Amino acid sequence: MPRYYTEEHEWIDVDGDVATVGITDFAQGQLGDIVFVEVPDTGAELSQGGDAAVVESVKAASDVYAPVDGTVTEGNGQLEEDPALVNSDPEGEGWFFRMTLGDKGQLDALMNATEYKAFCDNL
Amino acid sequence: MTETEQTGEEAAPTATLPLDAWHRAKGGRMVEFAGYWMPIQYEGIMAEHLWTRENAGLFDVSHMGQLLISGAGVAEALEALVPGDISALKPGRMRYSLLLAEDGGILDDLMITNEGDQFGVVVNGAVKWEDIGHLRENLPDDVTLNHNEDYGLLALQGPKAVAALARLVPEAAGLVFMQAIPAEWRGHPIGISRSGYTGEDGFEISLPNEALEAFADALCAMDEVKPIGLGARDSLRLEAGLPLYGHDLDPATDPVEADLGFAISKRRREEGGFPGAARILGHLEDGPPRKRVGLTVDGKLPVREGAKLFDGEDEIGVVTSGGFAPSVGAPIAMGYVPAGHAVPGKAVAAEVRGKRVPCTVTAMPFVPHRYVRKQGG
């Protein structure tokens, strides 16, 4: 299934009409030790670029944005117990939430893995 | 301690410290702090924090201002600006004190060492230029102030600091907390004090800029020493209950409100004669209207600087420092509450992103201090 990336360092895996969202390995490396994650409630309506979740490192709180419009279908409850999953497996077990896709066309403007790698290399 | 202290337009270009390249070569992630590029972390704040509590951490604090003050009547001149008993400070001893504004508000917190023929004063990097201006304006003409920019400052902190430092400078092991000596390393004149900002046993070492790198390398070649960034410095001092100027202390706050009454020496309490004495002595006598306290936090959500504190619907105060405490394994904070709430066990709530987080006022430090106050003790 295709994976897209945002300039705000979220990834989104698309599987039919549902997508899984998290933050990238680059992002977790920048944030450092993650001690708290606040995922959105099921049913929350998200709009592209709007606040979706909060990730707190030892140092600071950072917002995680919705990569596309949609409705939250599930937050990753495991992160409440083990926020460090975002450090150890950011693009796997450390996913943040699942959502419906309100406008699949929005995916076209996101980056693929190659483009995202080039984007990070230029930061 | 935030990652960026510069306010923007008027800020000067960020300066580099003598160890800049050394930090980068060690993998330090550099951020702007107090006008300098400084390492916020190397391998990670959590690991560096815990390493310092168990081993020895090396901190570069060369951004701090190292001032030398001398001349006839220098102790009395300093006593006109700080509330400590400087006249009674013996050679080789140091004292924590506060630079006070006319109204008793705190302009900075600092360390004053009697170096025999002069006083060494170490001030915060973020306000050192303001401090120097204030001192120049207020010290009498026959007292001389030198800003020693030829020396850097390193801190070696943690239970294994003494063993590590003694391999380079054996006499360091003979010091007790808040004692300082001049020494020599590879022909360089250096200064060593047993002091720090982590709550652990440890040392601060002042040495010529050209000797910093070799000295840092000599320490980091030892198994028990790793370089530690500003991030862990902040979490360590927070656990130790130590305030950070510009966050927990500011010109609107006096020493009694800041729970730093210990810095007002007995003789000075009796005699006064320091800035804001009427207000400060009044607060000592009758209690301050508000006070800096520690807060333990229910749950895992970090409560950070700026969070408002509530008792029921009443906004009663504000958090001035807070975050996850690696050695506690939970979030902690410090902040200001009204005197009536400054009682251990008092329940309050902090507001974080619209949510109320239950907190409990607690005595500090959060992690016991491990200072070495007497030899063999």
Qualifying position, being touching a helix residue (DSSP H, G or I) at 6+ places or on another chain (Cβ under 9 Å) and in contact (Cβ under 8 Å) with a residue 24 or more places away in the chain, among B:G241, B:G199: B:G199
Search result, residues across segment A:51-76 that are among the charged types (D, E, K, R), in a strand (DSSP E or B) and within 9 Å of another protein chain (Cβ to nearest Cβ): A:E56
Top-ranked residue of segment B:7-60 - restricted to ones that are buried (at least 16 other Cβ atoms within 10 Å of the Cβ) and charged (D, E, K, R), ranked as farthest from the other protein chains (Cβ to nearest Cβ): B:D20
Given (1) within 16 Å of B:D259 (Cβ to Cβ); (2) of a type in the set (G, A, S); (3) within 14 Å of chain A (Cβ to nearest Cβ); (4) out of contact with any Lys or Arg (no Cβ under 9 Å at 6 or more places or on another chain), index of the condition B:A333 fails: (4)
Odd one out for B:A77, checked against (1) away from every other protein chain (no Cβ under 14 Å); (2) in a helix (DSSP H, G or I); (3) without any contact (Cβ under 8 Å) to a residue 60 or more places away in the chain: (3)
Hits in segment A:28-50 - residues which are away from chain B (no Cβ under 14 Å) and crowded, with 22+ Cβ neighbours inside 10 Å: A:L46
Residue ID - nearest to the chain's Cα centre (by Cα), chosen from residues in segment B:299-318 that are under 16 Å from B:A252 (Cβ atoms) and more than 12 Å from chain A (Cβ to nearest Cβ): B:V318
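Do you know which residues across segment B:349-363 are away from chain A (no Cβ under 12 Å) and buried (at least 22 other Cβ atoms within 10 Å of the Cβ)? Lay out the reasoning, then the answer.
Residues of segment B:349-363 that are away from chain A (no Cβ under 12 Å), as a first pass: B:349-351, B:356, B:358-363.
The answer is B:A350, B:C359.
Values quoted throughout were computed directly from the atomic coordinates according to the rules given, and no laboratory measurement underlies them. Because the structure is a prediction, the values reported are computed rather than measured. Quick reminder, even Gly has a Cβ in these numbers, built from the backbone with ideal geometry, and neighbours come from all protein chains shown.
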